[in-house]
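S.K.: Provided herewith is a single structure, encoded as structure tokens, for subsequent inquiry.
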Amino acid sequence: MTARGGDAIRLRGLTKAYDGRGPVLGPIDLDVRRGEFVSLLGPSGCGKSTALRIIAGVSAPTSGEVAVAGHPAAERTGRAIGFVFQEPTLMPWASARDNVRLPLTLAGEARHDADRRADAALARVGLGEFAGAFPRELSGGMKMRVSLARALVTEPDVLLLDEPFAALDEITRFRLNDDLLALWRGLGKTVVFVTHSVFESVYLSQRVVVMTARPGRIHADIRIDAVERDANFRTSAEYAAWCRRASLALAEASEAVAVT
Amino acid sequence: MSEAPIRGRILRAALPVAVLLVGIAAWQLVVSVNGIPSYVLPGPALVAATLIEDWPLLWSSLLTTLSTTFQGFVAAAIGGVALALLFSRSKWLELALLPYAIILQVTPVIAIAPLLLIYLPQQTAVVACAWIVAFFPVLSNTMLGLNSVDRNLAGLFALYRASRWQTLRYLRLPAALPYMLGGLRIAGGLSLIGAVVAEIAAGSAGSGSGLAYRIAESGYRLNIPRMFAALLLLSVAGVVIYMALALASHLLLRRWHESALRKES
Ligand SMILES: Nc1ncnc2c1ncn2[C@@H]1O[C@H](COP(=O)(O)OP(=O)(O)OP(=O)(O)O)[C@@H](O)[C@H]1O
Ligand SMILES: [Mg+2]
């Protein structure tokens, strides 16, 4: 495992405005340490997806600085970051294996090696048997897993997840939550997880960063010091207490703007 | 599989055939009962007999027309897709050229054909007509398809630093394929129409040997049964072209595209 410590993500004075309209985001300052699991929690439309896209380098900030592992977006290679979108975002014309292999294909990796790694990534998310299946033959939860496998296949240091499980039923979501935690523990990646579920953010993360409504700013940064994350944790009193804190912070954050 | 769906499928196939048989019978009846002379309206039996009798002539004419259609179709497919790719690369090129593609499309080909026949060798002119009618649906559908890429997938390709060429090959072309095939399906029938129009225009100007020319020629000679026989062949050719392209499209898309998926219930 890579040594923990040091900043994996560093945001300074980050803002975003789409032309013509007012700012939708920031200014935001945020440091995420290597190997940390951080949730961004905020009301709908507060700019969570925008922030994630900017961190990924897919969208440019209006002002401010972004560095991932010390590098600004322009200096990064395509493999530094894994991204999971709100929807599975799979190519419908390609099998699960071909979808997962895409980042490797784009990086020019030989077909044979790439296939092997894609299969390994699929096996890691429990879909080893479905490598040849097309997206339409998979359930919503399975598609999300394929998407996760694709994000993992380049072995990125940083995983960005944009409400990946929001569209799934509760049972599937709980299971994928646990799978994600197991992956995170096993692989030691830095994870930024966007959600608007208080419960999910508390269950998963070491830090819950609560954002205000548009324009999204950081309202609170709550540390969750739980060691065990399992069914017991979900029913424990400390879990309920953290959820309460996060809920209150979220309510304040929403109100903070409603007043102005 | 249960019995009902099979019976339904047989019925669905049998229905148009039954209509056809009834129509032919009625046609023959009208001609026989009223004693209509064959130079006014030949009966189906006579048309069939003519088809067999004139087969060598009609068959070679059919081949001529099909060859023109095929050349026009291939030119339209290549030209339409290539132009769409060029336009997707350069907005300026699109702004500069698209209006002319549209003008070419909205001007009736029957009005262009005589001019082309003056300036081009006959065979080239005929193929050019087929091309003019057929290329626009390929162009516009492919353009639509190339621009119908899922925004998040495009973001994903940007994240992985895909080159323009990679994005085209792995994302935009596959995403455009269903649209492109839709355009080609229309283009097949249209290039037959273009070929026929040009042959008729050329026929009145002189030589020619395609099916449409045979129709025009038989018209002058009042050989009405042969007109019907040639017309019949043309329709069959059109139907076969359409079905062949529909089948090709189905085979290419059946693994993934909604349009090609079998209904589940
Ligand atoms: N391409 C765009 N052009 C203009 N405005 C945009 C664009 N994308 C997002 N916005 C605006 O930016 C704001 C933040 O959007 P964003 O998608 O980041 O919100 P979000 O926090 O992810 O919301 P949700 O939880 O609903 O996904 C919204 O108010 C939206 O209207
Ligand atoms: Mg969002």
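The values are calculated or read from the model by the stated rules, or taken from the named source; none is laboratory data. Computed from a predicted structure; not experimentally measured. Every residue, glycine among them, receives a Cβ derived from its backbone with ideal geometry; neighbour counts consider all protein chains shown. What goes into the accessible areas is simple: the full protein's heavy atoms, side chains included, and nothing from ligands, DNA or RNA. Shrake-Rupley method; radii C 1.70, N 1.55, O 1.52, S 1.80 Å.
S.K.: Estimate for me the total accessible surface buried between chains B and A (protein heavy atoms, probe 1.4 Å, no ligands or nucleic acids), in Å² to the nearest 100.
M.R.: Counting protein atoms only, the buried area is about 2200 Å².
S.K.: Also, quick follow-up: In whole percent, and with a 1.4 Å probe on the protein chains, what portion of the accessible area of the range B:53-264 is carbon and sulfur?
M.R.: 69
S.K.: Once you wrap a convex hull around the alpha carbon atoms of chain A, what is its projected area averaged over all directions, in nm²?
M.R.: 14.4
S.K.: Can you tell me the length gained on complete extension of the stretch A:R33 to A:T235, counting 0.36 nm per residue apart and subtracting the Cα distance?
M.R.: So the extension gain works out to 69.9 nm.
S.K.: Sticking with this one: At a 1.4 Å probe, what is the % contribution of carbon and sulfur to the accessible area of chain A?
M.R.: 52
S.K.: Right, another one. Select from the range B:148-169 all residues whose loss of accessible area on going from the chain by itself to the full protein assembly reaches 20 Å² or more (probe 1.4 Å).
M.R.: B:R151, B:N152, B:L153, B:G155, B:L156, B:F157, B:L159, B:Y160, B:R161, B:Q166
S.K.: Taking θ = phi - 60°, what integer Hz values does the Karplus form 6.51 cos²θ - 1.76 cosθ + 1.60 yield along the range A:183-196, in sequence order, with x for Gly and Pro?
M.R.: Going residue by residue, I get 4, 4, 5, x, 9, x, 8, 7, 10, 10, 10, 8, 7, 10 Hz, with x marking Gly and Pro.
S.K.: Further question: How large is the accessible surface per residue of the range A:7-258, computed with a 1.4 Å probe and reported in Å² as a whole number?
M.R.: 41
S.K.: Can you list which of the GluC sites (Glu not before Pro) found in the range A:173-260 are DSSP loop residues with at most 14 other C-beta atoms within 10 Å?
M.R.: Here the GluC sites (Glu not before Pro) that fit, given the DSSP loop and packing criteria, are A:E228.
S.K.: Do the sum for chain B: with -39,500 (n - 2.57) for every DSSP H run of n ≥ 4, divided by all residues, what is the mean residue ellipticity at 222 nm, to the nearest 500 deg cm²/dmol?
M.R.: Calculated at 222 nm, the ellipticity per residue is -28000 deg cm²/dmol.
S.K.: What FRET efficiency comes out for A:E155 versus B:Q123 if R0 is 51 angstrom and r is the Cβ-Cβ distance? Round to the nearest 0.05.
M.R.: Efficiency for this residue pair is about 0.25.
S.K.: In degrees between 0 and 90, to the nearest 10, how far off the longest principal axis of chain B does helix B:91-106 point, with axes built from Cα atoms?
M.R.: Between helix and principal axis, roughly 10 degrees.
S.K.: Take the alpha carbon gyration tensor of the range B:53-264, find the square roots of its eigenvalues, order them as a ≥ b ≥ c, and report rounded if a/c is under 1.5; if not, report prolate when a/b exceeds b/c, else oblate.
M.R.: oblate
S.K.: Over the range A:66-168, what is the mean sequence separation of C-alpha contacts under 8 Å (at least six apart), divided by residue count, expressed as relative contact order in percent?
M.R.: Relative contact order comes out at 44 percent.
S.K.: Between the range A:103-137 and the range B:145-164, how far is it from one alpha carbon centroid to the other, in angstrom?
M.R.: The range A:103-137 and the range B:145-164 have Cα centres spaced 19 Å from each other.
S.K.: Now for a different question. Explain nothing, just the number: dipole magnitude of the range B:53-264 about its Cα centre with +1 on each Lys and Arg Cβ and -1 on each Asp and Glu Cβ, in debye rounded to the nearest 20.
M.R.: The calculated dipole for the range B:53-264 is roughly 840 debye.
S.K.: Further question: What FRET efficiency comes out for A:A107 versus A:A60 if R0 is 25 angstrom and r is the Cβ-Cβ distance? Round to the nearest 0.05.
M.R.: Efficiency at R0 = 25 Å is approximately 0.65.
S.K.: With springs only between Cα atoms under 10 Å, which of A:A166, A:A151, A:A231 fluctuates most in a Gaussian network model of chain A?
M.R.: Between A:A166, A:A151, A:A231, it is A:A231 that shows the largest mean-square fluctuation.
S.K.: Averaged per residue, what accessible area in Å² does chain B show with a 1.4 Å probe, protein chains only?
M.R.: For chain B, the solvent-accessible area averages 57 Å² per residue.
S.K.: Follow-up. For B:K91, which aspartates and glutamates qualify as cross-link partners when the Cα separation must be under 18 Å and same-chain residues fewer than eight apart are set aside?
M.R.: Hits, sequence-local ones excluded: zero.
S.K.: What whole-number value in cubic angstrom gives the convex hull volume per residue for the C-alpha atoms of the protein assembly as shown?
M.R.: Each residue corresponds to 225 Å³ of Cα convex hull volume.
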